Amino acid sequence: MNLQETLLADYKQAMIDKNVTKKTILNYVIAQIKNKKIEIQKEVEDVDVVKIIKKEVKAISEAIWFLEKAENKEDDLAEEKAKKVLLEFYLPQTKSKEETKKIVEETIAEQNITDLAKQRWQLMGAIMWKYGWDIDWSVVNAIVNEML
């Protein structure tokens, strides 16, 4: 069962369970998947679905940040946090910060990188080629910035 089928099955179950928050967010994601399918004129793969979910998680994170600044928005804040948790469940697990740091250090040694400032993109390309989306790129970027 691919990710799109899982989302659809969970959406149907949310309707049966009358879980409004889960139904709403999954309905939105399924609609985004259908829009992507129309845009690319072929079936959407799991990689595209993950990108859609990550984009929505980022938007929800920004909404949470704004709601935390606002007063008397505790209900909305709780709902947005619940949506974020629901969507993060469908994202693939990424490496921890410690694992990522080890990967960066190993890749530096493997690629014989001596000047990180000049060879940064060589490092990033090697990590991308080897690990793809199994790694959180914001963490990689932060680790490389610390090493500079």
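Rule-based calculations on the coordinates, nothing more; no lab input. What you see is a predicted model, and the numbers here were worked out from it, not measured in a lab. All Cβ positions, glycine included, derive from the backbone under ideal geometry; neighbour counts span all protein chains shown.
Which of the following residues is closer than 30 Å to Asp46 by Cα, among the charged types (D, E, K, R) and more than 19 Å from the chain's Cα centre (by Cα): Lys118, Lys130, Lys102? Before you say what the answer is, go through the steps one by one.
Values: Lys118 fails: closer than 30 Å to Asp46 by Cα; Lys130 fails: more than 19 Å from the chain's Cα centre (by Cα).
Only one candidate qualifies: Lys102.
Looking at the range 43-56, is at least one residue surrounded by 12 or more Cβ atoms within 10 Å (Cβ to Cβ), more than 20 Å from Val85 (Cα to Cα) and under 19 Å from the mean Cα position of the chain (by Cα)? Yes, the conditions are met somewhere in the range 43-56.
Residues checked against (1) of a type in the set (A, V, I, L, M, F, W, C); (2) within 23 Å of Trp133 (Cα to Cα):
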position: Leu67; (1), (2): yes, no
position: Lys73; (1), (2): no, no
position: Ala78; (1), (2): yes, no
position: Val85; (1), (2): yes, yes
position: Lys95; (1), (2): no, yes
position: Lys101; (1), (2): no, yes
position: Val104; (1), (2): yes, yes
position: Gln111; (1), (2): no, yes
